[in-house]
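Structure record follows, encoded as structure tokens.
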Amino acid sequence: MEGKEYLTSVIAFQAAPTVKGKKPSSLMAFNNSRGKDYPALWKRYGQEICRELELQYFELKEGDGNVLVLFYRKAMLERYVSNKLSLQFLKSVGYGEAITLEQKLQVLKQRFIELCPHEVGIFLGIPIGDVEGFIRHKGKGCLMCRYWKVYSNPRRAELFFKDYDKARSSVAISVANNTQLRNVVKKQQYSLT
């Protein structure tokens, strides 16, 4: 695969839990690796690919040949970052009165200027107990680690991880069978309501 087809496969696989409606968002870094100029491919085809995969995107950081992109399902992400616990947590780490999703994403982008802020976990659909546990324990002593470090309710986390694995397997099978990803994704997409 080359060009747009290749980048579509990479995004669909990496963001499969989001593409399949199992996760509000996925984060990907595009850089020059394995002989591919991912940032250039992203700039050329990204908007079209997101339209085909029915994803929204927000560039959180760009520089030094890298682009960090948050792929998301708008309705699902809005619900997740606007629930009472998420709002309390975001306010406690400096989000103040950021009311709309776009305002929250702008604050997140500003916070990425210096470092990778811990609250990105909230935007990625990581349970608040695990985000708080990561902060409190400085990333050490987790109960399990797969898609994120789990500090509370490993049984619930394992159910999420199984769903995410199934989504990735589905996309991988589609790529291996040379199936048109945009058609497969749309047909198998889960309802967000």
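Bear in mind that the values in this text are calculations on the coordinates, not laboratory data. This structure is a prediction, so every number in the text was calculated from the model and none was measured. Virtual Cβ from ideal backbone geometry, glycine too; neighbours counted across all protein chains shown.
Before moving on, here are some points about what is shown:
- Every residue from segment 141-164 that is more than 14 Å from VAL19 (Cβ to Cβ) and acidic (Asp, Glu): GLU158
- Residues satisfying the stated conditions in segment 1-37, i.e. hydroxyl-bearing (Ser, Thr, Tyr) and either in a strand (DSSP E or B) or surrounded by 22 or more Cβ atoms within 10 Å (Cβ to Cβ) (or both): THR8, THR18, SER25, SER26, SER33
- Residue ID - nearest to LYS74 (Cα to Cα), chosen from residues in segment 94-111 that are of a type in the set (A, V, I, L, M) and assigned to a loop (DSSP other than H, G, I, E, B): ILE99
- Residue match in segment 41-64 (condition: among the basic types (Lys, Arg), over 17 Å from GLY121 (Cβ atoms), out of contact with any strand residue (DSSP E or B) (no Cβ under 8 Å at 6 or more places or on another chain) and assigned to a loop (DSSP other than H, G, I, E, B)): no
- Inter-residue pairs, beta-carbon under 6 Å, first in contact (Cβ under 8 Å) with a residue 60 or more places away in the chain and in segment 74-100, second surrounded by 12 or more Cβ atoms within 10 Å (Cβ to Cβ), 6+ apart: ALA75/LEU192; MET76/PRO24; MET76/LEU192
- Scanning segment 80-102 for residues that are surrounded by fewer than 18 Cβ atoms within 10 Å (Cβ to Cβ) and either within 22 Å of VAL67 (Cβ to Cβ) or aromatic (Phe, Trp, Tyr) (or both) gives a single hit, GLU102.
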